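Reading through the C-alpha cells given below for one structure.
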Amino acid sequence: MLNLVLFGPPGSGKGTQSEKIIEKYGLVHLSTGDILRGELANKTELGLKAKEIMDKGELVSDEIVIGMIRNKIKANKDANGFIFDGFPRTVAQAEALDNLLDEYNEEITLMISLEVEREELVKRLLKRGEETGRADDNLETIENRISVYEKQTSPVKEYYKSQGKAHLVDGIGSIDEIFDKVADQIEMVK
Ligand code: AP5
Ligand code: MG
C-alpha cells in the first residue's frame with residue numbers, strides 16, 4: 001500500500017492536490033473535513049454536534065475523528081493505499097493512525113507538507129467563501145483555523161520529521177506545478 005499524509009494549513013491545497021493524486025495513483029481519499037461535512041448534510045447527530053465546533057474553526061475531538069478513520073480503513077482494506085487529508089491534526093491522532101495501520105501490517109509511506117504563508121491562505125479562503133459559501137470561510141473563522149493549525153497541528157510535522165517521513169513542498173504556484181512536485185516525491189518512495 002501507498003499511504004500518504006497530505007499535510008498543511010487551511011487553504012494550502014490539500015483537497016485540490018488530493019483530487020489529482022487520486023486520478024494518477026488510484027488511492028482512497030480520506031478527508032475528515034469532507035466526512036464531517038457529509039454528516040452535517042445528512043443531519044446526523046454527529047454532524048450537528050460537529051457543526052458548532054467547525055463554525056468556530058476549533059478541532060472536533062480526537063476520539064470522534066479517529067473512530068471515523070478506523071471505520072473507513074476497515075471498509076477499504078483492499079485499497080491500493082490511502083490519502084489522509086486534514087488528518088492527523090494532533091500528535092494523538094498521528095499516534096492513533098500509526099497504531100491503526102499497524103493492525104493491518106501497514107504504515108505511513110510519506111507525509112507531504114504543503115508550505116503556504118498566512119496571507120495567501122486568507123486570500124484563497126476568502127475567495128472560496130465568496131464563491132461557494134462554505135460556512136467556515138469567513139475572516140474570523142479563517143483566522144482562528146490558522147491559529148489552531150499553528151498551535152495544535154504544526155507539531156504533527158515534527159512527529160513525521162522525527163520518523164524521517166516528512167517532505168516539504170512549496171505550495172505556491174499553479175496547481176499543476178505543485179502537483180508535479182508532489183508526484184516527484186511520491187515517485188521516490190513508490
Ligand atoms: P478541513 O475540511 O480539513 O479544512 P481545512 O484544513 O481548514 O482546509 P481546507 O479544506 O479549507 O483547505 P485545503 O488545504 O483542503 O485547500 P483546498 O484544496 O480546499 O476541516 C474543516 C474543519 O473540520 C476543521 O476546522 C475542524 O473543525 C474539522 N476537522 C477536520 N478534520 C479534523 C481532524 N482531523 N480533527 C479535528 N477536527 C477536524 O484549497 C483552498 C482554496 O484554494 C480552494 O478554493 C482552491 O481552489 C484554492 N487553491 C488550491 N490550490 C491553489 C493554488 N495553487 N493557487 C491558488 N488557489 C489555489
Ligand atoms: Mg480540504
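Treating each Cα of region 80-146 as an identical point scatterer and summing with the Debye formula, the log10 of I(q)/I(0) at q = 0.18 Å⁻¹ comes to -0.81.
Entry note, the chain: relative contact order of 33 percent, from Cα contacts under 8 Å with a spacing of 6+ residues. Across region 1-109, Cα-Cα distances exceeding 19 Å account for 43% of all pairs. Translational diffusion coefficient of region 12-67 (Stokes-Einstein, Kirkwood radius from Cα pairs, 20 °C, 1.002 mPa s): 172 µm²/s. Just so you know, the Cα atoms of region 106-190 work out to an Rg and Dmax of 15.0, 41 Å.
How many percent of all Cα-Cα pairs in the chain sit more than 26 Å apart?
On the way: 4958 of 17955 pairs.
Across the chain, Cα pairs with separations above 26 Å total 28 percent.
Could you tell me the calculated FRET efficiency between residue 109 and residue 41, based on Cβ-Cβ distance and R0 = 41 angstrom, to the nearest 0.05? Let's see the in-between values first.
Working: r = 32 Å, r/R0 = 0.77.
Efficiency computed from Cβ-Cβ geometry: 0.85.
Based on the Cβ-Cβ distance from residue 135 to residue 63, what FRET efficiency comes out when R0 is 22 Å, to the nearest 0.05? Between residue 135 and residue 63 the formula returns 0.40. The ranking of 27, 2 from fewest to most other beta carbons within 10 Å of each one's beta carbon is 2, 27. For the residue pairs 24/56; 51/127; 49/165, alpha carbon separations beyond 30 Å are given by 24/56; 49/165.
Dipole size of the chain about its Cα centre, with +1 on Lys/Arg Cβ and -1 on Asp/Glu Cβ: approximately 280 debye, rounded to the nearest 20. Note on residue 80 and residue 177: the model spin-label points, each 7 Å out from Cα along the C-beta direction, lie 2.8 nm apart.
With 10 angstrom as the radius, rank 132, 32, 141, 109 by how many other C-beta atoms surround their C-beta, starting from the fewest.
Values: 132 9, 32 23, 141 20, 109 16.
In order of increasing Cβ crowding within 10 Å: 132, 109, 141, 32.
On a C-alpha basis, how far is the centre of region 1-60 from the centre of region 97-163 in Å? Whole number, if you could? If we compute the Cα centre of each part, the gap is 10 Å.
Where a number appears in this text, it was derived from the coordinates with a stated rule and is not lab data. From a predicted model like this one, the values you see are computed outputs, not experimental measurements. Neighbour counts run over all protein chains shown; Cβ positions are idealised from the backbone, glycine included.
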